[in-house]
Structure formats: structure tokens, C-alpha cells
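*Asks:* Before anything else, here's the structure in question.
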Amino acid sequence: MLPSFAFLGVHGEFTVVPSSGLFPDIRSATIVTMTAVATARILIVEDESTLADAMRYGLEREGFRCSVANDGSVALSRFESDRPDLVLLDLMLPGLPGEDVCRAIRRSGSTPIIIVSAKTSEVDRVLGLELGADDYITKPFSSRELVARVRTVLRRAGLVSEGARPSVLEAGPVRLDIEKHEARVNGSPVSLPPKEFMLLECLMRRAGKLCTREALIGDVWGPDYFGDTRTLDVHVKRLRTKIEDDPRKPRYLRTIRGLGYKFEP
């Protein structure tokens, strides 16, 4: 379950109407007033598919371009073809071990590497850094920690400046001003408590794409939340009363049965 990730980029104010990525339909969704012109490309090397998918989901929802490799040999091939800006590298991989992958990447240049490993001892962390990694994260980790480490390493490498995620989101009838914590539906102001606002923001950042229940709960209530998952359904129901013409027949905030929800612009 992943909390929000921050968009990274180089400073420069402008308006974007993307044709792919966060909002695939340029006719119905727009991100405005964002500070970014370049997005980091990240190679995720992780053989545990659930974790790899969660990491990719959290990164791509904020604009990163990601590719995934599930073993060491594929990782090196993908590294050569994709030329990522940063590599997130597990050590315990099938085939070629992560240590060998790290050495090979480091021999080829100075691409930042963050080791993401279940090996938690101080000796393991020191060995990982001596292999040439720029940072070392132990599992389990929160995605807030992960994104903070990614941002720090990219900034240290001079690949990005201090980034800012979109300050205004628009999709369908909804306009969110993130910094001002203001919401409008069809131009009229709507009062949203913090959790409802966060939930709607998460859904709009993935407009047109599935947001799983687990990811939404992690985003809004945190990775350590162990309460009743029906809390999510209650908040979705409340949001529908505020953004839908007919909450009983939702047009925008759609249920994907058995999986989660989708904001359909």
C-alpha cells in the first residue's frame, strides 16, 4: 500500500495537457500550473511481483517513467536499452545476483543506484554501499521513505532540482487546488474534509486508471492502517454526493467490482 509520491522535475512554470501517463484522455483531463519539464526514468529490479507492481504504481502515478526487471540478467539488458536515470535494486535475485548487477552498472558509469533489500544488518548495508550503491533501503519500507530517498539521490546527482507536483488538478467537473486545499465542482466551491480531499486527489492523479483498494487506503490512511476497510467505501459514498449529478448512478467515481475505484473523466 503506497502513499503519495511527489512529481520531480526542473523548474519552469507552464501548462500541460498530457496525451498519456497520468491522464490519457487529453479532451477530458488537464494538469495546470506545474513545475517540471523532465521526469526521471527509473528501473525497478525486483523479483517479488507484488512489491514491484506497488513501487511502479506509486512512481508512475506521479509522472515517473518506470520499467521493471525481475532477475539480474534482464536487469542489465533493460539497463542498456532504457538508460534509466536511477536504479532501484534488490540484492536477492534469481539468476545473476544483485551484487553483480550493481557492480556491472557501476562499471558502466555513474547512474545512481538505490539498493532495496531485506538484508537489514549493518554489515549488509556497508557492503551494499561499498559495491557502489548511492543509498540502501531495508524492507519493509514506507513509500514516503522511498520517494524521499529517490528525490535526495536524484538531486545529489544533479538530475533534478527541487520538484513540485501539480498544484492544480482538473478532470471531469472537478477542479482541485492542492496548495490552497480548495475544491470546485462545475465551478462551484465544495467543502471537503482532509481525508475526502486526499482521496479525491489520489483518484484524480490516476484519472482513467484503476486505483486498488489497498493502494487508496495506503495513500490516504497510511501503510500502517489496520482499521475497517469499509471506511474507504464510506468516504467514496460521501464524495459521490458532492461530485456526482446522481450519486446512485455515478458517472465519474466508478466502482471496479472486487478491485477498487476509478475516476473516469
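*Asks:* Mind jotting down the distance between the C-alpha centroids of region 123-153 and region 188-238, whole Å?
*Replies:* 29
*Asks:* Amide H neighbours of Ile137 under 5 Å, counting only residues 5+ apart in sequence or on other chains, H built in-plane at 1.01 Å?
*Replies:* For Ile137, the qualifying residues are Ile115, Val116, Ser117.
*Asks:* With a point put 7 Å past each Cα toward its Cβ, work out how far Ser49 is from Arg106 in nm, to one decimal.
*Replies:* Using points 7 Å along Cα→Cβ, the separation is 3.2 nm.
*Asks:* Between Ser167 and Ser81, what is 0.36 nm times their sequence separation minus the Cα-Cα distance? Round to one decimal in nm.
*Replies:* 27.6 nm
*Asks:* If I compute solvent accessible area with a 1.4 Å probe over the protein chains, what percent of it on region 118-265 is carbon and sulfur?
*Replies:* Of all accessible area on region 118-265, carbon and sulfur atoms account for 49 percent.
*Asks:* If R0 is 51 Å, what FRET efficiency do you get for Leu96 and Thr255 from their C-beta distance, rounded to 0.05?
*Replies:* With R0 = 51 Å, the Cβ-Cβ based efficiency is 0.75.
*Asks:* Moving on to the next point. Using a 1.4 angstrom probe, figure out how much accessible area region 78-230 has per residue, in square angstrom, rounded to the nearest whole.
*Replies:* Result: 46 Å² of accessible area for each residue.
*Asks:* In terms of Cα to Cα distance under 21 Å, which lysines are near enough to Lys237, apart from those fewer than 8 places away along the same chain?
*Replies:* Lys195, Lys209, Lys249, Lys262
*Asks:* Compute the Cα gyration tensor for region 99-209, then decide on rounded, prolate or oblate, letting a ≥ b ≥ c be the square roots of its eigenvalues: rounded whenever a/c is under 1.5, prolate when a/b is larger than b/c in the other cases, and oblate in all that remain.
*Replies:* Prolate.
*Asks:* Cut-off under 19 Å on the C-alpha distance; same-chain residues fewer than 8 positions from Lys119 excluded. Which aspartates and glutamates are left, in chain and number order?
*Replies:* Correct list for Lys119: Glu46, Asp47, Glu48, Asp71, Asp90, Glu99, Asp100, Glu130, Asp134, Asp135, Glu145.
The values are calculated or read from the model by the stated rules, or taken from the named source; none is laboratory data. Predicted model, so just to flag it, every value in this text is computed and none were measured. All Cβ positions, even for glycine, are placed from backbone atoms using ideal geometry, and neighbour counts span all protein chains on display. Only protein heavy atoms, including side chains, enter the accessible area calculation; ligands, DNA and RNA are left aside. Shrake-Rupley method; radii C 1.70, N 1.55, O 1.52, S 1.80 Å.
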